[in-house]
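Below: one structure, written as structure tokens.
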Amino acid sequence: MQIAIDGPASAGKSTVAKIIAQQLNFIYIDTGAMYRAATVIAMRRNLDLDDEDAIVAALNEAGISFKIIDGQQHVLLGQEDVTTEIRTPEVSANVSQVSALPKIREKLVALQRELAGQNNVIMDGRDIGTTVLPDAELKIFLVASARSRAQRRVLDLQQRGIKSDKTVEEIEADIAARDYKDSHREISPLKKADDAIEVDTTEMGIEEVVETIIKLIKEKS
Ligand code: DC
């Protein structure tokens, strides 16, 4: 079974997807982490963030892979674990630009489909229901107000031990800018698939979102 969870930044996709994967024994695939890893390698090598050939070559050379350590998905570039680095505000600020590049998307979408392969998966991102897994049995489009997403992002950064001097208002503006770029790019923009079910999590706790989605999964299986 394939479950697609799409939606804007910080709507709670990865948090709920991880819990559901654990409860149902599905494999969780965080596709945003792949675009973030591509951004990390481009920034480290001072590549032009529009130079798709150079970034694809750097990704191929380093090799991107995933490993589950203590139940958590880790992202590796070569042997190096970049799980923490991919979440820094600097990477967040640049990832929309890198993820809009057609050749980067082509490479990472192929990897995502390969990982989805024969397994029961729950995959989160922006274009999973529309492009990566168009035949997914269940498609969820998770939304929440920009303010509540900014508040969640602040908590998330604190919990991950990532320092940021930004106010909630500044983070909200960053999130709104990223939503705009993700929704207006030419290839596979952030968009609710016609057959996706929209869930607004603004006023919902994590437990409630998880319960809502598990109920929908049980109806499909
Ligand atoms: O989910 P996230 O915030 O970690 O995603 C980081 C960026 O990657 C997001 O701004 C847009 C891009 N992305 C994408 O274009 N397609 C996906 N399937 C997942 C993420």
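Beyond a 25 Å Cα-Cα separation, which of these cross-linked pairs lie in this structure: K107/K139; K13/K181; K192/K218; K18/K166; K181/K220?
Violating the 25 Å limit, Cα to Cα: K18/K166; K181/K220.
Among the aspartates and glutamates, which fall within straight-line cross-link reach of K163, defined as a Cα-Cα distance under 20 Å, with same-chain neighbours fewer than 8 residues apart omitted?
D81, E85, E90, E172, D174
Sticking with the crude label model, points 7 Å out along Cα→Cβ, report the distance from R113 to H184 in nm, one decimal please.
3.0 nm
Take the eigenvalues of the Cα gyration tensor for the stretch 1-51, scale each by 5, and report the square roots as semi-axes in whole Å, largest first.
Here the semi-axes work out to 29, 11, 9 Å.
Which shape class, rounded, prolate or oblate, goes with the stretch 66-221 when its Cα gyration tensor gives a ≥ b ≥ c as root eigenvalues, a/c under 1.5 marks rounded, and past that a/b bigger than b/c marks prolate?
rounded
Work the Kirkwood hydrodynamic radius out for the stretch 41-150: mean of 1/r over every pair of different alpha-carbon atoms, inverted, in Å.
Roughly 15.8 Å, rounded to one decimal.
When the helices in the chain are scored as -39500 (n - 2.57) per DSSP H run of 4 or longer and the sum is shared across all residues, what 222 nm value do you end up with, to the nearest 500 deg cm²/dmol?
-16000 deg cm²/dmol
Starting at the first residue of the stretch 161-170, write each ³J(HN,Hα) from the Karplus equation 6.51 cos²θ - 1.76 cosθ + 1.60 with θ = phi - 60°, in whole Hz, x for Gly and Pro.
x, 9, 7, 8, 8, 6, 7, 4, 4, 5
In Å², and per residue, what accessible area does the stretch 72-199 have when probed at 1.4 Å with the other protein chains present?
Here the residues of the stretch 72-199 average 51 Å² of exposed surface.
Rg and Dmax in Å for the stretch 1-93, alpha carbons only: what are they?
14.2, 42
Please give the peptides 86-95, 120-129 ranked by average Cβ packing (other Cβ atoms within 10 Å per residue), highest first, as a rough proxy for protection.
120-129, 86-95
Given 25 °C and 0.890 mPa s, compute D for the stretch 130-177 with the Stokes-Einstein relation, Rh being the Kirkwood radius over Cα pairs; round to the nearest whole µm²/s.
For the chosen part, D equals 194 µm²/s.
About the Cα centre of the chain, what is the dipole size in debye to 20, counting +1 per Lys and Arg Cβ and -1 per Asp and Glu Cβ, all else neutral?
Dipole magnitude for the chain comes out near 240 debye.
Pop out the carbon and sulfur fraction of the accessible area of the chain as a percent, whole number, probe 1.4 Å.
Looking at the chain in its full context, I get 48 percent from C and S.
For the stretch 162-208, how big is the tail of P(r) above 14 Å, as a whole percent of Cα pairs?
Distances greater than 14 Å cover 70 percent of the Cα pairs.
Tell me the Kirkwood radius of the stretch 132-221: reciprocal of the mean inverse pair distance over distinct alpha-carbon atoms, in Å.
Its Kirkwood hydrodynamic radius stands at 15.1 Å.
Rounded to the nearest Å, what's the spacing between the alpha carbon centres of the stretch 46-101 and the stretch 145-188? Just the number, please.
Answer, in whole Å: 19.
The values are calculated or read from the model by the stated rules, or taken from the named source; none is laboratory data. From a predicted model like this one, the values you see are computed outputs, not experimental measurements. Note that each Cβ is placed from the backbone with ideal geometry, even for glycine, and that neighbours are counted across all protein chains shown. When the accessible area is computed, the model is the full protein with side chains, heavy atoms only, and any ligands, DNA or RNA have been set aside. Shrake-Rupley method; radii C 1.70, N 1.55, O 1.52, S 1.80 Å.
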